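Below you'll find the structure, written out as structure tokens, and then a few comments.
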Amino acid sequence: GQLPTWLQGILLRNGPGMHTIGDSKYNHWFDGMALLHSFTFKNGEVYYRSKYLRSDTYNCNIEANRIVVSEFGTMAYPDPCKNIFAKAFSYLSHTIPEFTDNCLINIMKAGDEFYATGETNFIRKINVQTLETLEKVDYNKYVAVNLATSHPHYDSAGNVLNMGTSIVDKGKTKYLLFKIPSSVPEQEKKKSCFKHLEVVCSIPSRSLLHPSYYHSFGITENYIIFIEQPFRLDIVKMATAYIRGVSWASCLAYNKDDKTWFHFIDRKTKKEVSTKFYTDAMVFFHHINAYEEDGHIVFDIIAYTDNSLYDMFYLKNLGKDFEENVKLTSIPTCKRFVVPLQHDKDAVVDSNLVTLPSTATAVKEKDGSIYCQPEILCEGIELPRINYGYNGKKYKYVFATEVQWSPVPTKIAKFNTQTKEMLHWGQDDCWPSEPVFVPSPDAKEEDDGVILTCVVKTDPKDPPFLLVLDAKTFTELGRATVNVEMHMDLHGMFIPQQDLKTGTE
């Protein structure tokens, strides 16, 4: 096919790539050693490269020729023949453990630099041209967080907004929203932008020892949206996981009888909206987009009725009986919540406060809290992406992978949130990755541009390829076949040529 001449830059992807080291194996697909891969678009041609992230974790494991650093689903032990006293001593030093820097989930841009990110307090700077691993950054040096999301937001000035959890700091467990500036003052050019990191807002956890797990958060022009779901980490269990010989993943629990709380932080005052908004128990990983309309906040997420998704990816379930083992007990559902931030304070109890045309409701309760029920937009999509120029604004299109009752995608979809129409691309034995939208330089409409996705084939003998679709029509423009073994990945970003530092070819 033909690639558009304007498509110049690098598609950078991240995900787990190595699951066996020596005789030891990871338990979970999300534990594998991070593998970066990139497609560079230059004058109508595509160049591919891949490289393992040379994290401290990777180096220690390779040197020992076995897994010696714990990941979320796999607990590792220094030396099995050490006696019980040594084990007890290591246990004490593992209470809040030194987390892994195997940053395998996403890529983040901060200032002019790019980082591989996971969900711990460590990120790793990378050279996007060569995929070399550079310095390790510990968020904890700049802000008191033990965990942070891999889905930051970027404001119009290029500052990064992200969230992290501070576990039992000064006897409090809280969620911190922080900002990393896109540039540093002229006189401090040598310093990193992390030195100027600021905490925007702190939200106390509803439970001191059971903070909510979250993978992303939402943003509109004036608000940050944080959802505290009843899918929680048990800190005490986590602290004793090492001596009990269980993984940290076993310290996550979902309570289906609990509530899910919505927090809205005013970006100007940095204060939380005082009205309590909530919905039924759910588990979700990905926010799609959010915007404000007539005194309401409208936000779209992909939610599940249980936490079975994580369990699907235990490697024991991904073997030859894969299709049988991984029937999702809860299909991903794209839900739209419509929250009436500015409602009549004297509204009647039990009245629906939503005045926008939507089947979503927000009902006032006796105690003044507001119970929200979503509109269901569609089912069966995951790894959602949008035209990021519409982030926080009213929008139409979601680009996503399509999953049926199995967690591994078989198609890519374009969903119109307004008309509910869906376009698909799929071929037999093809497993596409998260679709990334790249706008064309003279775009007039939201879907003017292309979709990029990496496609892995079922038969290892069939080479994988990068697929380029016209984002408007979903017709194939071209594909670049790569003669290597390519892994399914998680997330990534497209870096336009002008954002790449020049002179580092």
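The values are calculated or read from the model by the stated rules, or taken from the named source; none is laboratory data. The model shown is predicted, which means the values in this text are computed figures rather than measured ones. Here the Cβ is made from the backbone with ideal geometry for all residues, glycine too, and neighbour counts use every protein chain on show. Quick note on the areas: whole protein, heavy atoms, side chains included, nothing else; ligands and nucleic acids left out. Shrake-Rupley method; radii C 1.70, N 1.55, O 1.52, S 1.80 Å.
Quick notes on this one:
- Accessible surface area normalised per residue over region 349-470 is 43 Å², counting heavy atoms of protein chains with a 1.4 Å rolling probe.
- Unit charges at the beta carbon, dipole of the chain: most positive-side option, 463, 64, 24: 64
- When each of 136/393; 276/396; 335/411; 125/271; 335/393 is checked by Cα-Cα distance, pairs over 24 Å: 136/393; 276/396; 125/271
- When 259, 172 are compared by accessible area of protein heavy atoms, the largest-first order is 172, 259, using a 1.4 Å probe.
- Straight-distance crosslink candidates among lysines, where the alpha carbon sits under 22 Å from residue 25 and sequence neighbours closer than 8 are dropped: 51, 82, 87, 316, 320
- Relative contact order (%) - region 184-297, alpha-carbon pairs under 8 angstrom, separation at least six: 27 percent
- Full extension of the chain between residue 331 and residue 317 gives 3.3 nm of extra length, using 0.36 nm per residue less the Cα-Cα distance.
- Rolling a 1.4 Å probe over the protein heavy atoms leaves residue 458 with an accessible area of roughly 80 Å².
- Accessible area per residue in Å² at 1.4 Å probe, computed on region 181-332: 44 Å²
- For the chain, the carbon plus sulfur part of the accessible surface works out to 51%, probe radius 1.4 Å.
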